[in-house]
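One structure below.
The values are calculated or read from the model by the stated rules, or taken from the named source; none is laboratory data. Everything quoted here is computed from the prediction, not taken from an experiment. FYI the Cβ positions are ideal-geometry reconstructions off the backbone, even for glycines, and counts take in every protein chain you see. Side chains included, ligands, DNA and RNA excluded: accessible areas come from the protein's heavy atoms. Shrake-Rupley method; radii C 1.70, N 1.55, O 1.52, S 1.80 Å.
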Amino acid sequence: MVDTPHEASEPAIARVRRIRVAVIGGGIAGLVAALEWARIGASVTVFEAQDRLGGAIETRELDDLPVDVVADTLPLRDATVVALLAELGLSDAVEAAAAHSAWVAGLPGAVGAAPSFPADTTLGIPANPWADDVRRVIGWSGAWRAFVDRLRPPLTIGHERSLGRLVRARMGDRVVDRLVAPVTWGLYSVHPDDIDVDAAAPGLSAALTRVGSLSGAVTAQAGGSGPDAVRAPPCPQRSTLRGGLRPARRRAGAGLAEGTDATAVTSADVSALTRRDGVWHLDVEPGALTGTDRGDVPGTGVPRRAGRCSASADVVVLATGASAAASSSRRRASPSRRPPRRPPAMS
């Protein structure tokens, strides 16, 4: 924004109140961004394609027991997360998650009890794709595809920064979708494609370069073998909030309703985002309507379903995944996108 002589003399608070902010994405990142803008007086609207707020923070009731079904732990090694919990008044609610075995739930075509999560892995990457506990999750076809990792030439080792893309190229989709994704969603609330290899698994790329295969790198890290081996980082302490992660979503959303000019709109899929004459223009299509817990924010007038409409904003905050953000910014009005399929989850 460029100051004109009139604007320069206008009180700062009045100028801020004239700013219209559109936040695309009603997950915890979008709610926090909206809260920051609303607190300084801006007029904020949150557009969420799903019919609930919270994104990866979703809690269901099972026999009156709250169960986190996507993100279920907090990365307390991240100072930003610790600071946010303090700001939301939730520091005293943090507690160590119960130590228990993990299972992989929601596997396509699965019959019977959910299989246990494999033990010998690094962020879900198996050391031995033929191990019984691995094969029960990825199946025989997944095990054969993962075994190709041992046969592939190490031509591009060390050049892929994305954890998900690296594992997919070496071991296939089933290892990513059924093993790695449940871990990264559970620990970091992020898809493996959006995590840097070196940040998530320090030393894995170095071990991969030396050993020549991804499963071999996991084995080398586990045993600390070789003169330049780097041990796998310790598993982050599993921490959660008393009663599940739902309070984090509710506290962030409730802050929008406390004397701020903020509105959250669910089932609102921003299908196109263009800039004309210094203003952002948003085309909004009806989004998801699944009948699940919407996680409404009290006092923000969340409707059950948004109709097709247009909106304008001076500032746009993209609080969605990279692919969704890129699609919104380059596409004009088009049929609404279906919500992404949630990967199998650890429980």
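Looking only at region 42-75, which residues are farther than 19 Å from Pro182 by Cβ and surrounded by 16 or more Cβ atoms within 10 Å (Cβ to Cβ)? Listed by number, the residues that qualify are Ala42, Ser43, Val44, Thr45, Val46, Phe47, Glu48, Ala49, Gln50, Asp51, Arg52, Leu53. Going through (1) buried (at least 19 other Cβ atoms within 10 Å of the Cβ); (2) modelled with pLDDT of 90 or more; (3) in contact with a Phe, Trp or Tyr (Cβ under 7 Å, 6 or more places away or on another chain) one by one, Ser312 falls short only on (1).
Looking across region 207-222, the residues that are over 16 Å from Ala119 (Cα atoms) and either surrounded by fewer than 18 Cβ atoms within 10 Å (Cβ to Cβ) or among the β-branched types (Val, Ile, Thr) (or both) come down to Thr209, Val211, Gly212. So is Ala29 part of a helix (DSSP H, G or I) and open to solvent by less than 30 Å² (accessible area, probe 1.4 Å) or not? So Ala29 fails the test. In the condition set (1) in contact with a Ser or Thr (Cβ under 9 Å, 6 or more places away or on another chain); (2) open to solvent by less than 40 Å² (accessible area, probe 1.4 Å); (3) assigned to a helix (DSSP H, G or I), Ala143 is compliant with all but (1).
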